[in-house]
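Heads up: the structure comes next, in structure tokens.
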Amino acid sequence: MILDKTFPPDPRVENEAISLINNGFEVYLFCLTYGNQKKEEIINGINIKRYTSNKLIYKSSALVYTIPFYSYIMAKKIKRFLDKNKIQAIHIHDMQIAEAVFKANKKFNLPTVLDLHDNMPEVIKFYPHLQKFPGKQLISPFKWKKKEEEFIKKATKICTVSQEFIDEVIQRTSISKNKIVLVPNTVQKEFYTNAKINNSILNKYKDNFVILYLGDTAIRRGLLTAIKAMPQLIKKIPNVKLVIVGSNTTDYILFDEVTKLKLDDYVDFEGWQNVALFSSYIKASTICISPLYRNKQHDVAYANKLFQYMSFGKPLLVSNAIAQKKLIKKVNSGLVHKEKDISDFAEKVLKLYENKNLRKELGIKGKQFIENEFNWEKTSEKLIDLYKNIN
């Protein structure tokens, strides 16, 4: 496995690796270190091999498909990794490092699986450094998309996170549907069956109607909608509390909005927390949200948080980004609001507040879906089959 980040944490990488190990494969993970981690160690059976990087190389990764410096540097490291560890198949985690992998693999000609965690050419359009000079001039989402299409055709197999993403890739690149496999970001049973609950979090919110958000807090995730709806909600739900567990470099925009609307007593920014605490925050919540703005990425992907929420039987409120809207309606595990529509968001929260039985019914449906159909143990079966037949 090739990852151009530090490890841990990365739930998808870890889940996939452990599932393969449990089915008889040896997994070696190429990842990066900035000098504060062991060069080699074993975590949950994964052979971790860390290669030193630095801030200059990290920053050049944004220019990977403008200037080939990053791919050149990484290809040399990856070549050593493949050779030293006698690798027999390569799993590329996302497209940022894909060109480096294909360069390194010319000598070995190993089967490659390209794992598209995100629609990166669309995601990068929303990165703050692409909104201003010089990023806007130097980084081309169009070039990223062309590269992605090139890598999709080069790879032996593709896997990605939603059926909507698969449909979009097939339509755009004309690859065979047999070349691409669905491996969604679901939760392991252990997440909800063996959760260690932190009672201090439960006690902190025991008297509140908690609206919970978990994960990356970039503006495109839609939290401004939830924040701006709070003045309407306070009038009807005196004990309401919006709890945000996560962070992003754009958080100052959210902080400013909370200050402007005088909501300091009603919005808690918990910052990024250890994943081990997620279950406690979910258990302490009343409803859980994913108010994504619609775009080409969000319309074809759903976040792992949805499954984490459902695994604890919590009712959801999500925006009408296509993939998550279809999922929630199919399962009947929550309500859907129009993206960026503050009044509609507030109206749906009030509907859930006023109807405890509805909350319970939606929560039960979501929990049953996770337990019976959509846990990692079930959805990872296609990944295992892919590698059993990779040659």
Using a 1.4 Å probe, what is the accessible area per residue for the chain, in Å²? 46 Å²
Out of all DSSP beta bridges with both ends in the chain, state the antiparallel percent to the nearest 5. 10 percent
With I322 itself left out, Lys, Arg at +1 and Asp, Glu at -1 over residues whose Cβ is under 9 Å from its Cβ give +1
Can you work out ³J(HN,Hα) from phi for every residue in the range 270-275, in order, using Karplus 6.51 cos²θ - 1.76 cosθ + 1.60 and θ = phi - 60°, giving whole Hz and x for Gly and Pro? 8, x, 6, 10, 4, 4
Based on alpha-carbon centroids, what's the gap between the range 203-232 and the range 156-200 in Å, whole number please? 26 Å
Please compare each pair in K236/K330; K84/K107; K103/K177; K206/K340; K77/K146; K38/K79 to a cut-off of 22 Å on the Cα-Cα distance and tell me which ones are over it. K236/K330; K103/K177; K206/K340; K77/K146
Linear extension gain, K107 paired with N199, 0.36 nm per residue minus alpha-carbon span: 27.7 nm
If each of E150 and L224 carries a label point 7 Å out from its Cα toward its Cβ, how far apart are those two points in nm? 3.5 nm
Mean shadow of the range 6-130, computed from the convex hull of its alpha carbons, in nm²? 8.0 nm²
Residue span S174 to N389: 0.36 nm per residue of separation minus Cα-Cα distance leaves a gain in nm of 75.2 nm
C-alpha center-to-center spacing [the range 331-374, the range 273-292] in angstrom: 15 Å
What do you get for Rg/Rh over the chain if you use C-alpha atoms and the Kirkwood form of Rh? 0.97
Cα extents of the range 75-124 along the three principal axes, largest first, in whole Å? 35, 18, 15
Amide H to amide H under 5 Å from Y51: which residues, 5+ apart in sequence or cross-chain, H placed 1.01 Å off N in plane? C31, L32, T33
How large a share of the accessible area of the range 181-229, in percent, is made up of carbon and sulfur atoms when the probe is 1.4 Å and the other protein chains stay in place? 44 percent
In degrees between 0 and 90, to the nearest 10, how far off the longest principal axis of the chain does helix 322-331 point, with axes built from Cα atoms? 60 degrees
Report in % the part of the accessible area of the range 1-141 that belongs to carbon and sulfur, leaving out ligands and nucleic acids; probe 1.4 Å. 54 percent
Simple SL model, points at 7 angstrom along Cα→Cβ for T6 and F25; separation in nm is 2.7 nm
Which percent of the accessible area of the range 260-358 is formed by carbon and sulfur heavy atoms (probe 1.4 angstrom)? 46 percent
Take the Cα pairs of the range 139-200, get the Kirkwood Rh, then feed it into Stokes-Einstein at 25 °C and 0.890 mPa s and tell me D in µm²/s. 173 µm²/s
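The values are calculated or read from the model by the stated rules, or taken from the named source; none is laboratory data. All figures in this text were calculated on a predicted structure; none of them were measured in a lab. With ideal geometry, Cβ positions are generated from the backbone for all residues, glycine too; neighbour counts draw on all protein chains shown. In case anyone asks, the SASA skips ligands and DNA or RNA and just uses the protein heavy atoms, side chains included. Shrake-Rupley method; radii C 1.70, N 1.55, O 1.52, S 1.80 Å.
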